[in-house]
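Notes to accompany the following structure.
Every number in this text was worked out from the coordinates using simple rules, so none of it is lab data. Just so you know, these numbers come straight off a predicted model, no measurement behind them.
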Amino acid sequence: LYRLDGRALARKTASQETFDSDASSSPIFSRVAQGETTGTLTYRAVTDGIERIYNFRKLPAYPLLVLIGMSNNDVFAGHEETRARLLREAIILSLLILALSLLSSWYVVARRRHSAAQRQAMLQLQSLTNRVPGVVCQYLLRPDGTSCFPFASEGIRDIYRLSPEQVAEDASKVFALTHPDDLAGVAAALKASARTLTPWVYEYRVRFEDGTQRWLSGKAMPQRLADGSVLWHGFIADVTEHKQSEESLRIAATAFESDEGMFITDAASVIVRVNQAFCRISGYAATDAIGKT
């Protein structure tokens, strides 16, 4: 997590965590200075000499830049399809990456005392995640089957109508809100993710006491702990409007394939699409009609 002048607010690699450094000489900031707000590039890091593929994104409402890098060896180690999926997820989950340093540190903070500088850095990042739409969270599944959310940003109040304190020790209130038709699928997806340590990605519904239903999309990366627990670092967003748009398009497509002859034109009255009934009734093939007035 960087300021736009190249100063690092929080940087984590496999070997160290840094909360104050200067990366202004990085080619990423040259591209940001040219007006780019997101992009992907490859270069060899000055800090450890490892060549990585980087993706950066400037937050629209804050003077901050989120950066994630993965070494070329790791990126291309698997199948091409796996590589493409991971890259897509890296872009889609950029907000999740924003919180990885916080989430990893937060769990340790809950068990041991950190230095004053580390606590201050965590508070700054926590303040930022609380302003992100959706909920940035950690989900902990214990070996005995019980679970909780050790960390949840304030967005959980909008997503689940619960406070972070209500789920810090017990996640049952969250699962009580999950739609009965989707509860088994959510549990099965979490179980598979815990077994294989692969990303959990799932869309499901929640239903509130007033009858309101909302569609949610969850994405999280699992981590197995020393005691056998599995800790997910993730992000949950409300995708109800997106789902409603998909349903509207499906209904419109179904209606267009009715027995009534239908055609669609642009503003200049040029036909851009016809259905089968139009061809049958008019005697024109679709290829003859499309492009004509």
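Please report the relative contact order for segment 184-293, taking Cα pairs under 8 Å with a sequence separation of at least 6, and give it as a percent rounded to a whole number.
14 percent
Among the aspartates and glutamates, which have Cα under 12 Å from the Cα of K243 when same-chain residues fewer than 8 positions away are ignored?
Counting by Cα, and skipping residues close in sequence, K243 has these aspartates and glutamates nearby: E203.
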